[in-house]
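What follows is one structure encoded as structure tokens, with my remarks underneath.
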Amino acid sequence: MRAPLLHIGNRRFSSWSLRAWLVMRKAGLAFEENLVPLNEAGTRQALSAISPGGTVPALHMRNAVIWDSLAICEWAAEQAPEVWPSHEGQRGQARAAVAMMHAGFMALRETCPMDLCRTPSAIMLTDATQLDVARLQALWHDVKSVDGPWLFGRWSIADAFFTPVAARFYAYDIPLHAEAQAYCDTLLADEDYRVWHQAAQAETFANPYETQT
Ligand SMILES: N[C@@H](CCC(=O)N[C@@H](CS)C(=O)NCC(=O)O)C(=O)O
């Protein structure tokens, strides 16, 4: 049977693709990849041909297409339940944290787009962005297990969802509390993330954020 095909955006910029890709890797699932360059003349047409939502990531399977990062992660968790915490309370908290990330922190997302090739440097943060930075650190502090470097003991989908946040904090040189900094360092040192990061460095697509950086 053919392996599922994960359509992703530019590794350098596509934070939602990174999340789904990390979870597929950590779940140990065989899959193929196809990169759809974003921000190009034909991008919209290419995306609408592969994704009912017109976005990446999109996972093509033999009998279905799943076009949202969280839905792809949930599908991966059906194949490999260990990508959610095993403790039901922690699993609920992990889902709540992931839901917050999936739906929120808009100011940080807009002001500090993920750019894995950016030379780290600070920018002026709006009040709303500073509030997002504070809320993220408070959230991590509230839920972080004392048992290991990840948010909920073992690596979980929650860690995938916050990896692009750690990349933003690094790229925009945002000062963090020691505990949050240690967590971000862990996320950015993860071996699967390093594979993605290295591939991002080799990409030569145009930078849509040139004027902002
Ligand atoms: N809620 C969606 C959001 C996906 C999304 O916005 N993806 C961006 C790339 S990171 C995209 O495809 N944008 C379309 C475009 O750039 O034209 C998800 O979680 O998968």
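The values are calculated or read from the model by the stated rules, or taken from the named source; none is laboratory data. These figures come from a predicted structure and were not determined experimentally. All Cβ positions, even for glycine, are placed from backbone atoms using ideal geometry, and neighbour counts span all protein chains on display. Just the protein is used for accessible areas: all its heavy atoms, side chains included, with ligands, DNA and RNA removed. Shrake-Rupley method; radii C 1.70, N 1.55, O 1.52, S 1.80 Å.
Within the range 60-74, the set of residues being free of Cβ contacts under 8 Å to residues at least 40 places away in the same chain and either over 17 Å from the mean Cα position of the chain (by Cα) or outside the structural domain of F31 (by TED's automatic domain parsing) (or both) comprises N63, A64, V65.
Taking T126 as the residue in question, decide whether it is surrounded by fewer than 14 Cβ atoms within 10 Å (Cβ to Cβ), more than 21 Å from P81 (Cα to Cα) and β-branched (V, I, T). So T126 passes the test.
Is it the case, given these coordinates, that Y183 is closer than 27 Å to G89 by Cα and of a type in the set (F, W, Y)? Give the derivation first.
Numbers: closer than 27 Å to G89 by Cα: yes; of a type in the set (F, W, Y): yes.
Considered against the rule, which asks whether it is closer than 27 Å to G89 by Cα and of a type in the set (F, W, Y), Y183 comes out as yes.
Within the range 21-32, does at least one residue satisfy the condition of being within 30 Å of A189 (Cβ to Cβ), within 10 Å of the ligand (Cβ to nearest atom) and modelled with pLDDT of 95 or more? Walk me through it before giving the result.
Looking only at the range 21-32, we keep the residues that are within 30 Å of A189 (Cβ to Cβ), and these are 21-32.
Remaining after also requiring within 10 Å of the ligand (Cβ to nearest atom): none.
No, the range 21-32 has no match at all.
Of everything listed in (1) open to solvent by 20 Å² or more (accessible area, probe 1.4 Å); (2) without any contact (Cβ under 8 Å) to a residue 24 or more places away in the chain; (3) in a helix (DSSP H, G or I); (4) not aliphatic (A, V, I, L, M), the single unmet condition for C184 is (1).
If the condition is being in contact (Cβ under 8 Å) with a residue 60 or more places away in the chain, surrounded by fewer than 24 Cβ atoms within 10 Å (Cβ to Cβ) and over 16 Å from the mean Cα position of the chain (by Cα), then the range 149-174 contributes G153, R154, Y172, I174. For E40, the conditions (1) under 18 Å from A199 (Cβ atoms); (2) among the charged types (D, E, K, R); (3) open to solvent by 60 Å² or more (accessible area, probe 1.4 Å) are fulfilled apart from (1).
Taking every residue in the range 90-103 that is aliphatic (A, V, I, L, M) and pairing it with any residue that is not in a helix (DSSP H, G or I), at least 6 positions away or on another chain, the pairs with Cβ-Cβ distances below 9 Å are A94/W84; A94/P85; A94/L151; A94/F152; A94/S156; A97/L151; A97/F152; V98/S156. Of all residue pairs spaced 6 or more apart or on separate chains, those with beta-carbon atoms under 9 Å, a first member in the range 131-148 that is surrounded by fewer than 14 Cβ atoms within 10 Å (Cβ to Cβ) and a second member that is at pLDDT below 95 are D147/G153. Name the single residue that is farthest from A160 (Cα to Cα) among those in the range 70-126 being touching a helix residue (DSSP H, G or I) at 6+ places or on another chain (Cβ under 7 Å) and polar (S, T, N, Q). Within the range 70-126, the match that is farthest from A160 (Cα to Cα) is T126.
Checked against (1) within 18 Å of D190 (Cα to Cα); (2) outside any helix (DSSP H, G or I), L176 meets all criteria but (1).
Within the range 47-65, the set of residues being more than 9 Å from the ligand (Cβ to nearest atom) and surrounded by fewer than 17 Cβ atoms within 10 Å (Cβ to Cβ) comprises S48, A49, P52, M61, R62, N63, A64, V65.
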